Amino acid sequence: MNKKYIAIIAGVVVVLIGGFCFFKFKSSSLDKLLKEANAYKSYQMVCNMEMLENDELKSYQVTSTFAKIDDHDYYKVELYDKSLNQAQVIVRNDDGVFVLTPSLNQAFQFKSEWPNNSPKPYIYQSLLSFLKDNKPEKVKDGFLAHGDIAYENDERVKSQEVKFDKELKPVYVTVYDQDGTEVIKLTVSSFKANEDIKKDAFVQDNIMKEAKTQYTASSSLPLYPVALMGSTLENEKVSKIDNTTNHILKFTGDKSFTIIESSSTTDDKINVQTIGSDMIDLIDGVAFHDDNQMTYVSSGVVCSLYSNDLTKEEMIAVLSSMQSSQVK
């Protein structure tokens, strides 16, 4: 074999070995980053989140806080609705899962696996799992993962794209429907890991007290559903019981229903309501269902829907379409 062929073969071998070492290094490098990220004792992530609901773009600031203390996982997610100037807080602590509505001084307590029961775009552990389960692409300034995904109680969601920087800090999350249309866009403005976060940060009374000082404006009620299920608004009235104002909307048609919305109260005592039914986990709020009634808690507003005609899925569709504009 002449020297020319020997040189060519040697060159090919060098390229193959180099490529193997490169990919092995790249893989082990990502594995190391994932191991380090999954070992974080705490983090706080601040994001801007936009959601498309019935052609209306809802805008939120989301702050997610996590801490592992004494082998227990604590979570807090603050969802601030920019248009309504209202906050909804979901917290997991030693006593269970609480949904806090500061404007009403009200808390709902659930037995739930939240936030581990389904993917969440604002929970870092959920994003890391998505990265691990899908083949990440190494890009110039970090890592990109794209793949199929299903969100509980949101049938629109079919796929998701998540970008991380070189240190596996999340950059953005984009969620798509079956047509490739963006339904959720989350952009991370701040991510800090291994901060000194105390257990007090996850106590519902402390959270409620702090939130009430931050978000004092009351919601502009009533809100109206866009998804009407073929019904029309027959009448609406206002009823005041103690310190709570209730807006009552009655819809009639093929599938009739009534919605009661509660606005802010001046009561200083936190009203804690224990819910026996499962928590219906929605991206921008929660709901719970009992026979012909469903209660939806989102953006500082509590909406209860009563109907003998609507299915559970139709109730979710109606309540999640609530917005401030008058129905036509």
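The values are calculated or read from the model by the stated rules, or taken from the named source; none is laboratory data. These numbers come from a predicted model, not from an experiment. Keep in mind that these areas ignore ligands, DNA and RNA; they rest on the heavy atoms of the full protein, side chains included. Shrake-Rupley method; radii C 1.70, N 1.55, O 1.52, S 1.80 Å.
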Within the stretch 66-139, what is the number of lysine pairs with alpha carbons under 21 Å apart, leaving out pairs fewer than eight places apart on the same chain?
-> 9
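Roughly how many Å² is the accessible area per residue of the chain, as a whole number, for a 1.4 Å probe?
Values: 16980 Å² over 328 residues.
Ligands and nucleic acids excluded, the figure is 52 Å² per residue.
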Determine the share of the stretch 30-129's accessible area contributed by carbon and sulfur atoms, expressed in whole percent, with a 1.4 angstrom probe.
-> 42
Note down the accessible area of ASP177, probe 1.4 Å, to the nearest 10 Å².
-> 30
How big is the accessible area of HIS72 in square angstrom, nearest 10, if you roll a 1.4 angstrom probe over the protein chains?
-> 100
Reported label for calculated P(r) over Cα pairs in 20 Å bins from 0, in percent given (i) 28, 51, 15, 5, 1; (ii) 31, 50, 19, 0; (iii) 22, 33, 23, 17, 5, 0 | (i)
In whole Å, how far is the Cα centre of the stretch 186-263 from that of the stretch 105-172?
-> 25
If the cut-off is a Cα-Cα distance under 21 Å, which lysines reach LYS240, setting aside same-chain residues fewer than 8 apart in sequence?
-> LYS250, LYS269
